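Input: a single structure, listed below in structure tokens.
The values are calculated or read from the model by the stated rules, or taken from the named source; none is laboratory data. All of these numbers come straight from a predicted model, not from anything done at the bench. Cβ atoms come from the backbone with ideal geometry, glycine included; neighbour counts cover every protein chain shown.
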Amino acid sequence: MHWLRAFLIWVVLAVPAAAQQQSTSVLIIDRERVFLETAFGQRLTQELTEMATQLQAENDAIVATLTEEERSLTQRRPEMTPEEFRAEAAAFDIKVQEVRRVRDAKTIDLQIANTDARAQFDTAVQGIIATIMIERGASLVLDERTAVLAVTAINVTDAAIARIDAELGDGS
């Protein structure tokens, strides 16, 4: 039984690419490569990276400020009454909690921006990929990650990248 399966795999892989392309009803595309290698996807990635970098810089500055405030409170503790220290420590804790809430909200905003950018990209390129599908006589395009075994002739990733760059540029 194993030899039959091996023979069938060999036959599928040995059929000339031109013959496979003419009879193809399914195409494969690497959606991640299309996003990462097109000018449009690269622009969106750059924008998202800049947003993440800015958020990280803000976080680093806030952490430095809070660390300094905590250090100052710790250094002043011997000069304070227990009540004064508890009051300042409680105020500091409230401040830290509020900062954490705001930072978490900004992180969620960044995640939403990432999801929205991918959705915007997918919507913009869908028609181009559909055109490639129709031109190749296919009735279905699958993401490469869902295919278990495929011949390279049905992978249209390079064609999609070239067409998206030609038609959409960086998408701005």
For this session: Determine, yes or no, whether ARG33 is assigned to a helix (DSSP H, G or I), basic (Lys, Arg), within 30 Å of VAL151 (Cα to Cα) and in contact (Cβ under 8 Å) with a residue 40 or more places away in the chain.
Result: yes
Exercise. Condition test on PHE121, is it touching a Lys or Arg at 6+ places or on another chain (Cβ under 9 Å), of a type outside the set (Val, Ile, Thr) and within 30 Å of SER25 (Cα to Cα)?
Worked result: no
Problem set entry | Meets criteria (assigned to a helix (DSSP H, G or I) and loosely packed, with under 12 Cβ neighbours inside 10 Å) for ALA124 | no
For this session: Filter the stretch 54-89 down to residues that are surrounded by 12 or more Cβ atoms within 10 Å (Cβ to Cβ), among the hydrophobic types (A, V, I, L, M, F, W, C) and either touching a residue at least 40 places away in the same chain (Cβ under 8 Å) or part of a helix (DSSP H, G or I) (or both), then give me how many there are.
Result: 8
Seminar exercise, completed: Within the stretch 135-157, residues being loosely packed, with under 12 Cβ neighbours inside 10 Å and closer than 19 Å to GLU37 by Cβ number 2
Exercise. Do any residues in the stretch 129-146 that are among the polar types (S, T, N, Q) have Cβ atoms under 7 Å from those of residues that are surrounded by fewer than 12 Cβ atoms within 10 Å (Cβ to Cβ), where the two are at least six apart or on different chains, and which pairs are they?
Worked result: SER139/SER25
Exercise. Hey, does the stretch 90-98 have a residue that's at pLDDT below 95, assigned to a helix (DSSP H, G or I) and surrounded by 15 or more Cβ atoms within 10 Å (Cβ to Cβ)?
Worked result: yes
